[in-house]
Amino acid sequence: MRQTFSIPFTTLLLATVTLPPPSAVVSAASGQWQLLQKSIGIVAMHMQLLHTDTVLIFDRTDFGLSNLSLPGGRCRHDPNEKVVKTDCTAHSVEYNVANNTFRALFLQTNIWCSSASVAADGTLVQTGGFNDGERTVRTFFPCPTCDWKEIPGGLAARRWYATNQKLPDGRQIIIGGRREFNYEFYPKSHATAKNIYSLPFLVQTRDPYEELNLYPFVFLNVDGTLFIFANNKAILLDYTKNAVVKTFPNIPGNDPRCYPSTGSAVLLPLRSKNPHFSFAEAEVVICGGAPRGAYNQAKKNRKFIRALTTCARIKITDPNPTWAVETMPGGKGRVMGDMILLPNGNVLIINGAGSGSAGWEFGRDPVLAPLLYYPDRKPGSRFEILNASNIPRMYHSSAILVRDGRVLVAGSNPHVGYNFSHVTFPTELSVEAFSPPYLEAAFQNVRPRIVGPVSGTRVAYGQIVKVRVAVAGNPLVRSLVRVTVLAPPFNTHSFSMNQRMLVLEPRNVTNVDGPTTFEIEVTTPGSPVLAPPGFYLLFVVHQEIPSEGIWIQIL
């Protein structure tokens, strides 16, 4: 085994904003909701979990004044701003998960409806936005005093409603955006590199009245190609040759699933199917959205069409792939929902509306109860309805998984400006945590606890790693143990960019240091095509109950 070494795991002490303790937990048999903060001062339009267990949250800068002042009398001066040219309030925060605190951050240009991915060293590289921010690149490296850095003109094209995907070589590809039918890479490989690559697929999928190709769903396939879905169509793109290598059948029903008919999508966990630990199959699931015409009906006629009730699933590695369609339970469709991979490989579908469309005041009938999707069960038995929140999470809401297995839910601002009254759905500045059923106390006896390696350990590709766990009560069932590694995604507008999980089946599970401690031997992914370099959360799953995660850095 190659030698590994530890990276110090820093606990951030954010002595900036500390609000009163959270409210009491609301319990139910199927999940728990807890209000963490009544207000963080801004809308959580965009969220990213970082390897310091902090969450970077940001909003647009041209909504007007937020409810959080910048520290030290600092102000943003922007003559191009259309609402407030001198703004002394924050539009971004860093939230500390462990301490339930947050601190204000400074943004100079407009970051509205932008995209991002995390570099191999843990730096968030954020791209584009609106107005003076549309060609700006911004970076954020987490530390107790760090703030945003901006690179004006860092992009070759305007990127507003684009999608970013991390690549095996450490770069990110930035695809599309409003009226941009092309892609580019960041950082550029060299000064004379070609800046923009045409992608006719984005022209072919643009609806002249509703667009429907914004924030396309993009996933890195196991062979290094890119699965790209926009409107109701999908392709495999070989970005190294700028060539489409496969065209998939249209999604059944031909209804659109991308913004503003906003559904959500997830690449299901990648699993090794042979003793050589290769990952040969990949499946994508797309759920919800709004029927074609729903956006214009809401905008022009104030008619709110029922959201789509279906999920469509396709094995993108099959020679002749076909879609399989399932219907979500409860009799409700869902538009603007989020699909979040959980540590045990199941999928949480959360947030959204039952009718209407994405856009200003265009959603109705909030869907308050999350769904749990079990990808390994047979069709017809894959869904479970969970306990509902009492806070509508409509347009511009977000959700992300954190290391302890909870899902943070925040945001909702379906109108122009910060409106807290006299609107159908007021601006929502709160942060909640949803605890999936696996966190219930009844499972404490089977829940594993990782005791080694330490969080922050660096590992190489194809390395054998020994993970030591303790189980409090019942003996470990060795045949029901696996290890999962998850790339925490960048979440905005109901899509989690770069969300990726690999399931590592144990080579050996041995008893060590007494009857309740075990060592699990697994092999890390063998190539950056399977796991682009960077920070991942590693979990041990026992009888479908996951441990708390630890951070590893794969390089």
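Assorted remarks:
- Strands (runs of 3 or more DSSP E) completely within segment 163-251 that count 1 or more residues being open to solvent by 10 Å² or more (accessible area, probe 1.4 Å) and free of Cβ contacts under 8 Å to residues at least 12 places away in the same chain: 243-247
- Looking across segment 303-317, the residues that are touching a residue at least 24 places away in the same chain (Cβ under 8 Å) and out of contact with any Lys or Arg (no Cβ under 9 Å at 6 or more places or on another chain) come down to Ile305, Thr310, Arg313, Ile314, Lys315, Thr317.
- Matching option when the condition is touching a strand residue (DSSP E or B) at 6+ places or on another chain (Cβ under 9 Å), under 24 Å from Gln48 (Cα atoms), hydrophobic (A, V, I, L, M, F, W, C) and open to solvent by 20 Å² or more (accessible area, probe 1.4 Å), among Leu486, Leu439, Leu502: Leu439
- Scanning segment 69-88 for residues being open to solvent by 20 Å² or more (accessible area, probe 1.4 Å) and either basic (Lys, Arg) or over 29 Å from Ala157 (Cβ atoms) (or both) gives a total of 10.
- Scanning segment 140-162 for residues that are in contact with a Leu (Cβ under 7 Å, 6 or more places away or on another chain) and farther than 11 Å from Cys113 by Cβ yields Phe140, Pro142, Pro144, Asp147, Trp148.
- Condition check for Arg271: charged (D, E, K, R) and open to solvent by less than 60 Å² (accessible area, probe 1.4 Å): yes
- All conditions but one from (1) open to solvent by less than 20 Å² (accessible area, probe 1.4 Å); (2) part of a helix (DSSP H, G or I) apply to Asp132; the one that does not is (1).
- Residue list for segment 318-339, filter: in a loop (DSSP other than H, G, I, E, B) and touching a residue at least 40 places away in the same chain (Cβ under 8 Å): Pro321, Thr322, Met328, Pro329, Gly330, Gly333, Arg334, Met336, Gly337
- Only a single item in (1) modelled with pLDDT of 95 or more; (2) among the acidic types (Asp, Glu); (3) over 19 Å from Thr163 (Cβ atoms) is not met by Glu281, and it is number (1).
- Among the residues of segment 100-114, those that are among the aromatic types (Phe, Trp, Tyr) and in a loop (DSSP other than H, G, I, E, B) comprise Phe106, Trp112.
- Scanning segment 54-80 for residues that are assigned to a loop (DSSP other than H, G, I, E, B), over 26 Å from Met394 (Cα atoms) and of a type outside the set (A, V, I, L, M, F, W, C) gives Arg74, Asp78, Pro79, Asn80.
- So Lys299, is it among the charged types (D, E, K, R), part of a loop (DSSP other than H, G, I, E, B) and at pLDDT 95 or above: no
- Which numbered condition Ile385 misses (of (1) among the hydrophobic types (A, V, I, L, M, F, W, C); (2) over 16 Å from Arg334 (Cα atoms); (3) surrounded by fewer than 21 Cβ atoms within 10 Å (Cβ to Cβ)): (2)
The values are calculated or read from the model by the stated rules, or taken from the named source; none is laboratory data. Just so we're clear, the structure is a prediction, and the values are computed from it rather than from any experiment. Counting neighbours? That spans all protein chains shown, and the Cβs are built from the backbone with ideal geometry, glycine included. All accessible areas refer to the heavy atoms of the entire protein, side chains included, with ligands and DNA or RNA removed. Shrake-Rupley method; radii C 1.70, N 1.55, O 1.52, S 1.80 Å.
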